[in-house]
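The values are calculated or read from the model by the stated rules, or taken from the named source; none is laboratory data. Since this is a predicted model, take the numbers as computed values, not measurements. FYI the Cβ positions are ideal-geometry reconstructions off the backbone, even for glycines, and counts take in every protein chain you see. For accessibility, only protein heavy atoms count, side chains too; no ligands or nucleic acids. Shrake-Rupley method; radii C 1.70, N 1.55, O 1.52, S 1.80 Å.
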Amino acid sequence: MKALILSGGKGTRLRPLTHTGAKQLVPVANKPILWYGIESIVKAGITEIGIIISPETGEEIRRKTGSGEQFGANITYILQDEPLGLAHAVKIGRPFLGDSPFIMYLGDNLIQDDINVFLDKFKNQHLDELILLRSVSNPTAFGVAVVDDKGRVLKLVEKPKNPPSNLALVGVYFFSPAVHQAIDNIQPSPRGELEITDAIQELINTDKIVESVQLQGWWLDTGKKDDLLEANRIILDTNLSIDKAGNIDDKSKISGRVNIKGNTTIINSTIRGPVIIGENCHIENCFIGPYTSIGDKCTLVDADIEHSVLLESAQILEIDQRIVDSLIGERAKLEMAPQRPKALRFMVGDDSHVELV
């Protein structure tokens, strides 16, 4: 059994962060989203992993994720020159996959359920494919499945205007080698991509065994800011361990589940968990509220923040309003301007979103 993780794409919904980095490397609870998928796959006993990368962000993913040694895996990187669809990614991954059954995992997805259970069903029932489903309130935004009362998949529709069900395809799939023939038999969709839903439908049309399982736990597609913040909240709620390795002075108050890494200094500040703070940070005269993740080498002085994610080397200096529900990129700097009269001054890049309250 092998795994194919898709980590290409342009991440347009997380711009401007993804103008300069891969969306799959944006951290949730100070760990890149991509790594959660790798760890879940390795936990299921699959150690041969291929990662589909793009020309724009592939080198960064390769550099930060490495050979797989840190996960107990062997990672092969596979370049997809153009984003021509999920089925196209499987097609270019075929030399790596060979005749092995495999799991395909979208690198910006997070699921709570242990994939071991699904893998066992896929293997024990000798399925040609097993798809994971979750009921959603907005099925027009997803690939949608119609299933019978036993979970057998009858039909798939990609982002339907009139959804035949509210069961969305989660970004985790289990395939037998039969999917390669199915991909060879489909044509690009109107948007010019080889759709994985078309390949699965081809399996159904040729009487292959395609079944489904509905997730019981949460599923998060972290492609948008609010989704990423929600993922950060859930991971901090469920996975955070208490550790106070930093240098904390007597005036600071730490409560709840708080994880502070080494060489971080906390001065005259209040921190209410769940919160994670990376290495080599400086936090002084601050309030750090629940559901906040602060990356390595960040500096916060005279700042209040909660339910937010700060990436590595971000700075927040002497802001006299509380910052909430925010995603602040690497090396970004927020500070109050000393000039009078008071005014708002911005340098805002493409695809940014600024809210003033």
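Can you tell me which residue is farthest from Lys208 (Cα to Cα) among those in the stretch 151-161 that are in a loop (DSSP other than H, G, I, E, B) and open to solvent by less than 20 Å² (accessible area, probe 1.4 Å)? Checking each candidate, the answer is Pro160.
Every test in (1) under 21 Å from the mean Cα position of the chain (by Cα); (2) open to solvent by 60 Å² or more (accessible area, probe 1.4 Å) is passed by Asn268 save one, and that test is (1).
The rows are residues; the columns are (1) closer than 21 Å to Gln80 by Cα; (2) open to solvent by 60 Å² or more (accessible area, probe 1.4 Å); (3) in a loop (DSSP other than H, G, I, E, B); (4) of a type outside the set (Val, Ile, Thr).
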| residue | (1), (2), (3), (4) |
| --- | --- |
| Val179 | yes, no, no, no |
| Ile183 | yes, no, no, no |
| Ser189 | yes, no, yes, yes |
| Gly192 | yes, no, yes, yes |
| Ala199 | yes, no, no, yes |
| Ile204 | no, no, no, no |
| Asp207 | no, yes, yes, yes |
| Val213 | no, no, no, no |
| Gln216 | no, yes, yes, yes |
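For the stretch 129-150, taking the residues that are assigned to a loop (DSSP other than H, G, I, E, B) and touching an Asp or Glu at 6+ places or on another chain (Cβ under 9 Å), the one that is most open to solvent (accessible area, probe 1.4 Å) is identified as Lys150. Any residue in the stretch 2-19 that is open to solvent by 20 Å² or more (accessible area, probe 1.4 Å), modelled with pLDDT of 95 or more, outside any helix (DSSP H, G or I) and more than 30 Å from Ser241 (Cα to Cα)? Yes, because at least one residue in the stretch 2-19 is open to solvent by 20 Å² or more (accessible area, probe 1.4 Å), modelled with pLDDT of 95 or more, outside any helix (DSSP H, G or I) and more than 30 Å from Ser241 (Cα to Cα).
Strands (runs of 3 or more DSSP E) fully within the stretch 272-334 that include at least 2 residues being within 23 Å of Ser255 (Cα to Cα): 275-277, 282-284, 292-294, 299-301, 304-306.
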